[in-house]
Amino acid sequence: MRRTVFNEDHEAFRTMIRDFIAAEVTPVYDEWEKAGHPPRDFYNKLGELGVFGIQVPEEYGGAGETSFKYQLVISEECARAAVGFGGYGVHVNLVLPYLLKYASEDQKKRWLPDFISGDMMMAIAMTEPGTGSDLAGIQTTAKRDGDHYILNGAKTFITGGVLADRVLVVARTSPATPENRRAGLSILAVDTKSEGYTVGRKLEKIGLRASDTAELSFTDVRVPVEDLLGEEGRGFEYLTHNLAEERLGIAASSYSAAAAAVEFAKKYVQERTVFGKPVSSFQNTKFVLAECATEVEAAQALVDRCVEALDAGELTPADAAKCKLFCTEVEGRVIDKCLQLHGGYGYILEYPIARLYTDARVTRIYGGTNEVMKTIIAKDLRV
């Protein structure tokens, strides 16, 4: 089936990204996994490549593209090589939309040039030890003291938190009200060199091992008032604004991983022989791959449709939830089946299917669990 979502510019970009991965990532990716993150200068290489500035307006040094399609290309090419770009996804797909929509002109001028070059890597800190999907339960506080906020609290599961230079921290600047638990939240762009800012444990994960995930704590951290993002007390509103794009990004990476798994499995079963015959010659192998290929194509169609909707400003939270729910569930099923076709070798880390398998599990959890996605969809259905 002919795919219409990409044009010649996207395909030229794809070639550039594929060559970059082959030269700069694949040969050293095992080292990144052992370290728990890429080397810091890798982000400067991404900056030189121009990928951080694709969606940044030209007046701040970016390319001024508004389409999400370039991010989709990167997801597909990373999955094709069974690698990742560390904190890249959070930096571009999560943080940047907040900066473009809510940062003041002064903040954009201060932050975006270094954001684009990779000199300032950013992360976002929402989740707390006792607060996952329920953002209204955030306990971290930021109390006004003259021209500063005094930040106290802790965050966990912060992707990119080890190497980040500035973090968007969601904190409570005023108490919640009985009528609205979500009131009183604000977003502060915190300099990680601030006194009292501490990076705790680098969390060891079963997958995504080349992406750093950290615990953060704040003890009387003084944050200048001019580093408040947007207006005080409107943090929850701001957070919900970007959730659709965040969830589409997860869906895109999930579909891409499932598609890559089919390709890895096809190659393996054609080369591997059992009882004197290629594994690909058995009917079960053919049927399993046929099932997987069909599911992948359905997921791809849904992602493409949602990307077009996002670019047109029409992607709804419910549509994004459907896309994340479907694509992450497809990812789990397809990669599991493709690993099974590898037999015992599928369990060995030198085979890319093993990395895809462990990386896939978290996609049904982060960005809002799939149970939360079902709740959003059901609410939209008014049931």
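The values are calculated or read from the model by the stated rules, or taken from the named source; none is laboratory data. Source: prediction; values computed, not measured. Note: ideal-geometry Cβ built from the backbone for every residue, glycine included; neighbour counts use all protein chains shown. Calculation scope for accessible area: heavy atoms of the full protein, side chains included, ligands and nucleic acids excluded. Shrake-Rupley method; radii C 1.70, N 1.55, O 1.52, S 1.80 Å.
Conditions (1) in contact with a Gly (Cβ under 9 Å, 6 or more places away or on another chain); (2) within 30 Å of Val28 (Cα to Cα); (3) of a type in the set (Val, Ile, Thr); (4) at pLDDT 95 or above, marked per residue:
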position	(1), (2), (3), (4)
Lys202	yes, yes, no, no
Tyr238	yes, no, no, no
Ala261	no, yes, no, yes
Lys267	no, yes, no, yes
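Restricting the range 336-383 to residues that are within 18 Å of Arg209 (Cα to Cα) and among the β-branched types (Val, Ile, Thr) leaves a set whose member that is most open to solvent (accessible area, probe 1.4 Å) is Ile365. Pick from Ala258, Ala251, Ala244: which is in contact with a Cys (Cβ under 6 Å, 6 or more places away or on another chain) and farther than 30 Å from Gly146 by Cβ? Exactly one of Ala258, Ala251, Ala244 is in contact with a Cys (Cβ under 6 Å, 6 or more places away or on another chain) and farther than 30 Å from Gly146 by Cβ, namely Ala251.
Among the residues making up the range 293-308, a single one is of a type in the set (Val, Ile, Thr) and farther than 16 Å from Glu76 by Cα: Thr294.
State yes or no: is Glu271 among the acidic types (Asp, Glu) and more than 21 Å from Ile348 (Cα to Cα)? So Glu271 does not fit the description; no. Please work out if Met126 is open to solvent by less than 40 Å² (accessible area, probe 1.4 Å) and closer than 27 Å to Ser256 by Cβ. Spelling it out, Met126 is indeed open to solvent by less than 40 Å² (accessible area, probe 1.4 Å) and closer than 27 Å to Ser256 by Cβ.
If the condition is being buried (at least 21 other Cβ atoms within 10 Å of the Cβ), part of a loop (DSSP other than H, G, I, E, B) and without any contact (Cβ under 8 Å) to a residue 60 or more places away in the chain, then the range 129-165 contributes Ile138, Gly161. Yes or no: Val95 in contact with a strand residue (DSSP E or B) (Cβ under 8 Å, 6 or more places away or on another chain), over 17 Å from Leu208 (Cβ atoms) and among the hydrophobic types (A, V, I, L, M, F, W, C)? The answer is yes for Val95.
Which numbered condition in (1) in contact (Cβ under 8 Å) with a residue 24 or more places away in the chain; (2) within 25 Å of Thr358 (Cα to Cα); (3) of a type in the set (D, E, K, R) is the only one that Glu308 fails? The number of the failed condition is (2). Looking across the range 301-321, just one residue is part of a helix (DSSP H, G or I), among the hydrophobic types (A, V, I, L, M, F, W, C), over 17 Å from the mean Cα position of the chain (by Cα) and over 21 Å from Leu381 (Cα atoms), and that is Ala301.
Filtered by the rule that a residue be within 26 Å of Phe287 (Cα to Cα) and either in a loop (DSSP other than H, G, I, E, B) or in contact with a strand residue (DSSP E or B) (Cβ under 7 Å, 6 or more places away or on another chain) (or both), the range 351-383 gives a lone residue, Tyr351. Here Lys324 does not qualify as part of a helix (DSSP H, G or I), open to solvent by 10 Å² or more (accessible area, probe 1.4 Å), farther than 30 Å from Gln270 by Cβ and not aliphatic (A, V, I, L, M). At least 2 residues being open to solvent by 10 Å² or more (accessible area, probe 1.4 Å), farther than 30 Å from Ala298 by Cα and of a type outside the set (Lys, Arg) is the threshold, and among the strands (runs of 3 or more DSSP E) wholly inside the range 166-271 those reaching it are 197-202, 213-224. Within the range 34-77, the set of residues being closer than 15 Å to Asp311 by Cα and free of Cβ contacts under 8 Å to residues at least 40 places away in the same chain comprises Ile54, Gly64, Glu65. Going by the conditions given, is Gln340 free of Cβ contacts under 8 Å to residues at least 24 places away in the same chain and either out of contact with any helix residue (DSSP H, G or I) (no Cβ under 6 Å at 6 or more places or on another chain) or at negative phi (or both)? No: the conditions fail for Gln340.
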